[in-house]
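Here's the structure, in structure tokens; my notes come after.
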DNA sequence: TTGATACGAGACGGTTCCGTATCGCTTCCT
DNA sequence: AGGAAGCGATACGGAACCGTCTCGTATCAA
């Protein structure tokens, strides 16, 4: 974490040590509030302090402001994602797309990530932090697609980058925005993959 | 507009009439601010009044609050969309998907609609208003797809509702969020349609 | 002309949050 | 033991916005 106490050299601090539990409480309270639907713009230091059971000064002692705190909070969300069976591209894709929803690691993550999206376009800092979080996840999908292209499960001329977005985009808008009132976001991964597989398959059906 | 002066019956008001230009100025200022990236939550009556060159009281005289004003402002955005050539499903879809971007009617519309998305999930009122705006647009896509199913350009067992979301979702996330840094949102409509056409085609490639 | 209402401007008290500072108390190092 | 810093709590002045209200002026119908 960029603005956390430097653990580097030896110039020992004289007084009391900063509590790790307090760090965790602040980060966790931040993520909680985000997961509950508080937007980045409305999120306030006071609400975080209150939720964490912490004084405001304790937060300002560690981070210069909301942006830096948010950056560190988001950094804790980097996670590898689910195990893959690896037997078929179709099943692996469905598994990966399914975890745009609740995850075992941190159940708040799927709640938080989509809610951050709108804010990312207005802050280079946060846009980059966000990309760092989702890039590993995107990469899992990329690897599955490339594997499929390599072993013949997918057509050789497939545009992998485009396909990733076509796979994830619909599920994202549906989960976050209930964009289409009549579709069920939970069954979408399988439906989307099957719809696209026909187009991604090497030759005919 | 729901909260605008009732033009119904005859009980004439005695004094000065409300200016239509003021109505337009307020609505327009609201849409301007949204198009510039101001989120719904941060949007304030004071900023709207200032932008419109209008007193706050003039706004409160017409609408009870921000929600009602926003509802009416969004209602003015309903638009039919572009003309369609009607020669091929592929071309019509590309045309429709392209106008998720800049439109001739109101260039602010494509800027505004996506930015509203995150807020819609938190307000039943606004969620419905939003659905009313995009449903006509969604319906254009629906009709093109059904036409394609009917005339054999698309496979007969196509899930039209799902396909709509798979077409629009990726373009939405890319335009609004630059979700994938390496993809070009302007060329996506054609790419997405072509990628899906292979899957939507009746039989083999 | 007169009375009623709309208008732009802005004062008003209330609320929320900002970032800083202070106050006892606790916890750590020497 | 004692000094230094962390801690929760809270007070502080400042800023932004809320929704109401009151000015002086402009515009309407009768």
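Before we move on, is residue B:154 more than 7 Å from chain A (Cβ to nearest Cβ) and closer than 21 Å to residue A:181 by Cβ? No: the conditions fail for residue B:154.
Taking the conditions (1) within 14 Å of another protein chain (Cβ to nearest Cβ); (2) closer than 30 Å to residue B:148 by Cβ in turn, residue B:79 satisfies each one other than (1). Restricting A:67, A:72, A:32 to those that are in a helix (DSSP H, G or I), surrounded by 18 or more Cβ atoms within 10 Å (Cβ to Cβ) and away from chain B (no Cβ under 14 Å) reduces the list to A:72. Among the residues of the stretch A:34-70, the ones that are within 12 Å of DNA strand D (Cβ to nearest atom) and within 19 Å of the chain's Cα centre (by Cα) come to 1 in all. Within the stretch A:136-160, the residues that satisfy the criterion of being within 21 Å of residue A:173 (Cα to Cα) and surrounded by 14 or more Cβ atoms within 10 Å (Cβ to Cβ) are A:137, A:138, A:140, A:141, A:142, A:160.
None of the figures in this text is laboratory data; all of them are computed from the coordinates on show. Computed from a prediction, not measured in an experiment: that's the story for all the values here. All Cβ positions, glycine included, derive from the backbone under ideal geometry; neighbour counts span all protein chains shown.
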